[in-house]
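The values are calculated or read from the model by the stated rules, or taken from the named source; none is laboratory data. Keep in mind that what you see is a predicted model, and the values were worked out from it rather than measured. Positions of Cβ are generated from backbone atoms using ideal geometry, with glycine treated the same way; all protein chains shown enter the neighbour counts. Side chains included, ligands, DNA and RNA excluded: accessible areas come from the protein's heavy atoms. Shrake-Rupley method; radii C 1.70, N 1.55, O 1.52, S 1.80 Å.
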Amino acid sequence: MSTLTYRTAGESHGKGILALVEGFPAGIRVDEEEINRELQRRQGGYGRGGRQRIESDRVEILTGLWQSVSIGSPITLWVPNKDYRINELPDLSRPRPGHGDLAGAIKFLGPIRPVLERASARETVGRVAAGALAKQLLREIQIEVFGYVVAVGPIKLAVPQGSIGELRQQRDRSLLYTLQPERDEEIIQLISECQRAGDTLGGIVEVRAENVPFGLGSHTQWTEKLDGRLARAVMSVQAIKGVEIGLGFEAATRRGSAVHDPILYDPAQAGTKNLGFVRPTNHAGGLEAGMSNGQPIVLRAAMKPISTLARALPSVNLETLQPEPAQYERSDVCAIAACSVIVENVVAFEIARAVMEKFGGDHIEEVQGRLELFYRLARKRLSLQSGQ
């Protein structure tokens, strides 16, 4: 058994985007169309640019399957680009504020074009494909991961009560992937105003993971804390500038009595993954001391507005070192809907990685068996402790 990992490769206007997934257990029937549905959702949302009308992302699984079932060897996910013209595109001389243009050109002592080609959010095609594959592993142990938009610019959106199935139906009716589709028109008007002004818009996404077992991650070393690993994975997504778990920054404004989640016990839930331990609140977002605590994991990420503005910001021509407006490359006005898909899949992969570290095996039946054994041992300990 190896650690579940993935790496991506490819450029925005190169031949395509590749994700190489290693450590994926054998014995899982992989549904290619599930991956394609996530790739299509990533291309959706109001406010997207012209690139989405060119591409129709579909995955080709090159390795790691036999008769559509994983075999334990590396899985190669390949998504070709239709807009393949990297060698025909000119370099930029005027770096765009908010992009990696200036820092990358100086770091690599070279042109801007190679930097922007790899720094582009097109790279997240590979992350979505890998996350959609990881969800098929999580489904084998009944873990669900679900993402949606909770704010677009200054517009804050409610998160109603309901099962993931019910909330997914609401999200899928929204052009912005919110849980309040009735507010789409209000948001569309704001995005359209930004577009007319040559401006862009960001927002906040939220991801929930439900039915997560106790004990993913560890307190024993800072590199193993699951909240830290999730924050790193999400923070690495292009345009993400903030990550919070549970109450997040709000916790800093409250007293401890209004932050920490009381621990109660309900014998009727002893057979579930929370082992009967229930909380009237989930301010911790399902994570304490870097470990999952049996409650849903709840994470939010703040996406800054897209950096490429039609109404260009001031910049400097790197050839003359004279002030000039920043260069323009085709771009979105608002990609917050796509961001919710990307973050959802990034979170799914990180949780799947933690599952494999705690319960891993070469075959999915080993993973399931070790999870069952862990819960038998946990229940035995609790019954011995209580004298039952």
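Worth a mention:
- Selection within region 64-110 - hydrophobic (A, V, I, L, M, F, W, C), within 27 Å of residue 21 (Cα to Cα) and at pLDDT 95 or above: 65, 66, 69, 71, 75, 77, 78, 79
- In region 20-56, residue farthest from residue 310 (Cα to Cα) [restricted to those that are at pLDDT below 95 and among the charged types (D, E, K, R)]: 55
- Residues located in region 270-288, provided they are out of contact with any Phe, Trp or Tyr (no Cβ under 8 Å at 6 or more places or on another chain) and either open to solvent by 60 Å² or more (accessible area, probe 1.4 Å) or over 22 Å from residue 221 (Cα atoms) (or both): 270, 271, 272, 279, 280, 281, 282, 283, 288
- Filtered residues of region 202-243 (kept if among the charged types (D, E, K, R) and surrounded by fewer than 20 Cβ atoms within 10 Å (Cβ to Cβ)): 210, 224, 225, 229, 232, 241
- Qualifying residue in region 261-270 (condition: out of contact with any helix residue (DSSP H, G or I) (no Cβ under 7 Å at 6 or more places or on another chain) and among the polar types (S, T, N, Q)): yes
- Tally, over region 244-258, of residues that are part of a helix (DSSP H, G or I) and either surrounded by 10 or more Cβ atoms within 10 Å (Cβ to Cβ) or hydroxyl-bearing (Ser, Thr, Tyr) (or both): 6
- Test: residue in region 146-155 that is surrounded by fewer than 21 Cβ atoms within 10 Å (Cβ to Cβ) and assigned to a loop (DSSP other than H, G, I, E, B): yes
- The single condition among (1) more than 25 Å from residue 343 (Cβ to Cβ); (2) free of Cβ contacts under 8 Å to residues at least 24 places away in the same chain that residue 40 does not satisfy is (1).
- Unmet requirement for residue 377, which otherwise passes all of (1) open to solvent by 70 Å² or more (accessible area, probe 1.4 Å); (2) touching a residue at least 40 places away in the same chain (Cβ under 8 Å): (2)
- Checking each residue in region 66-108 for being touching a helix residue (DSSP H, G or I) at 6+ places or on another chain (Cβ under 9 Å), among the aliphatic types (A, V, I, L, M) and within 28 Å of residue 29 (Cβ to Cβ) picks out 75, 77, 79.
- Within this structure, residue 83 fails the test of being touching a residue at least 40 places away in the same chain (Cβ under 8 Å), acidic (Asp, Glu), in contact with a strand residue (DSSP E or B) (Cβ under 7 Å, 6 or more places away or on another chain) and open to solvent by less than 30 Å² (accessible area, probe 1.4 Å).
Conditions tested, residue by residue: (1) surrounded by fewer than 24 Cβ atoms within 10 Å (Cβ to Cβ); (2) assigned to a loop (DSSP other than H, G, I, E, B).
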| position | (1), (2) |
| --- | --- |
| 306 | no, yes |
| 315 | yes, no |
| 321 | yes, yes |
| 340 | no, no |
| 344 | no, no |
| 353 | yes, no |
| 357 | yes, no |
| 361 | yes, yes |
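- Subset of region 177-194 that is farther than 19 Å from residue 162 by Cβ and touching a Ser or Thr at 6+ places or on another chain (Cβ under 8 Å) - its residue that is modelled with the highest pLDDT: 187
- Conditions (1) surrounded by 21 or more Cβ atoms within 10 Å (Cβ to Cβ); (2) closer than 17 Å to residue 346 by Cα; number of the one not met by residue 20: (1)
- Residue 221 free of Cβ contacts under 8 Å to residues at least 60 places away in the same chain and over 26 Å from the mean Cα position of the chain (by Cα): no
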